[in-house]
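Structure, as structure tokens:
The values are calculated or read from the model by the stated rules, or taken from the named source; none is laboratory data. Since the model is a prediction, treat every value here as computed from it, not as a measurement. FYI the Cβ positions are ideal-geometry reconstructions off the backbone, even for glycines, and counts take in every protein chain you see.
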Amino acid sequence: MKSRSVAILLAIVFCLLFPFSSFSKDKIRIGQAISLSGPLAEGAAVCEPYWDLWVKDVNAAGGIYVKEYGKKLPIEFIKYDDKSDIGTMTKLLEKLIIDDKVDFIFPPWGTAFLYAAAPIANKHGYILIGGAGGAEKLKELKLPYFFQCLNFSETQMPVLAEILSELGIKKVAVFFFADLHGIEYSGRAVPEFAHKGIDVVMVKSFPPGIKDFSPLLKEAKAKAAEGLFLACYPGEGILAAKQASELGIDFDAFFVSVGPGFTFFKDVLGPEAVEGIMGGGAWNEKSGPGAKWLSDHFKQVF
């Protein structure tokens, strides 16, 4: 009886010191809740090939070497559709962490979604990359596991105001998507424009899924706006550009915060229609050798 008790005790100690999972782990699980459908799907679709390509490349090379196991582990990528709904995204993120027990998470699409995801990642001690989005309000939170990649409005808007001033723009209209991105960017842009002596003749928000910019565009034209600033995502930017062209409204400066840097923006509107449209950006192939390699590699694959 005594020897049996000792054996059981040793087994318990062994399991505590060397958890079964450390011997059975054969892959790295990465999860993502992102907008595969709904109003934000068009924009989110821009980022998905990059994540997918990275997973494909890593697995083609045998996986990621994990010193603890002394071998390379392949990646299993679990992806859920948040249907462009923040509440759904947060629930799915919790599911990935608690139920699916993923090792890492990829970010959702959009500033407001990223803002909602960051505290959840922080609560569970998961690293979160600030990929497709970014907000100054994130600085108000204590997020030791959050790493921002893109610029914030505080760095982009002063530069845009300077550019518009150099172009001789005296009056500008501001349209913004009614979410954290739109609210924050328009809120930062208006005072920056005013600081440069640019008259903001109108500031109007619009809801998700907007189908017609004509009333806003006509109002901007009636108020003699020379420039148009849109704090929104690619779908809304494309729609506004199309309808402005159809109405024969030609702004001297046309800025869309998210979209013009993506290839499909030009493909949808055409090379002539996008000429002169400005947009926000973070990097390009001239940013460095690694960026050049990624750009070339992406073009080869897609």
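Annotation for region 285-292: no member residue is of a type outside the set (A, V, I, L, M), under 25 Å from Gly110 (Cβ atoms) and in contact (Cβ under 8 Å) with a residue 24 or more places away in the chain. Can you pull out the residues in region 143-159 that are outside any helix (DSSP H, G or I) and under 14 Å from Gly279 (Cα atoms)? Residues satisfying the conditions are Leu150, Asn151, Phe152. Can you confirm whether Lys204 is at negative phi and outside any strand (DSSP E or B)? Against the criterion (at negative phi and outside any strand (DSSP E or B)), Lys204 does not qualify.
When Glu236 is tested against the conditions (1) surrounded by 21 or more Cβ atoms within 10 Å (Cβ to Cβ); (2) closer than 20 Å to Ala132 by Cβ; (3) touching a residue at least 24 places away in the same chain (Cβ under 8 Å); (4) in contact with a helix residue (DSSP H, G or I) (Cβ under 8 Å, 6 or more places away or on another chain), the lone failure is (4). Count of region 172-204 residues, restricted to those that are over 19 Å from the mean Cα position of the chain (by Cα), within 26 Å of Asn151 (Cα to Cα), surrounded by 15 or more Cβ atoms within 10 Å (Cβ to Cβ) and not charged (D, E, K, R), is 12.
Taking Phe264, is it among the aromatic types (Phe, Trp, Tyr), loosely packed, with under 15 Cβ neighbours inside 10 Å and in contact (Cβ under 8 Å) with a residue 24 or more places away in the chain? Spelling it out, Phe264 is indeed among the aromatic types (Phe, Trp, Tyr), loosely packed, with under 15 Cβ neighbours inside 10 Å and in contact (Cβ under 8 Å) with a residue 24 or more places away in the chain. Modelled with pLDDT of 95 or more and either surrounded by 16 or more Cβ atoms within 10 Å (Cβ to Cβ) or not in a strand (DSSP E or B) (or both): does that describe Ile210? Here the answer is no, as Ile210 does not meet what is asked. Determine whether region 124-134 contains at least one residue that is outside any helix (DSSP H, G or I), more than 19 Å from the chain's Cα centre (by Cα) and not hydrophobic (A, V, I, L, M, F, W, C). Yes: one or more hits. Residues in region 240-290 that are β-branched (Val, Ile, Thr), in a helix (DSSP H, G or I) and under 19 Å from the mean Cα position of the chain (by Cα): Thr263 alone.
This table checks each residue for (1) closer than 21 Å to Asp250 by Cα; (2) touching a Lys or Arg at 6+ places or on another chain (Cβ under 9 Å); (3) hydrophobic (A, V, I, L, M, F, W, C).
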{"site": "Leu167", "(1), (2), (3)": "yes, no, yes"}
{"site": "Arg188", "(1), (2), (3)": "no, no, no"}
{"site": "Lys196", "(1), (2), (3)": "no, no, no"}
{"site": "Asp212", "(1), (2), (3)": "yes, no, no"}
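Checked against the criteria, Phe152 does not count as crowded, with 19+ Cβ neighbours inside 10 Å, in contact with a strand residue (DSSP E or B) (Cβ under 9 Å, 6 or more places away or on another chain) and closer than 26 Å to Leu114 by Cβ.
Within region 218-236, the set of residues being touching a strand residue (DSSP E or B) at 6+ places or on another chain (Cβ under 8 Å) and at pLDDT 95 or above comprises Glu219, Ala220, Lys223, Ala224, Ala225, Glu226, Gly227, Leu228, Phe229, Leu230, Ala231. Residues of region 77-91 include at least one that is farther than 29 Å from Ala178 by Cα and in contact with a Lys or Arg (Cβ under 9 Å, 6 or more places away or on another chain).
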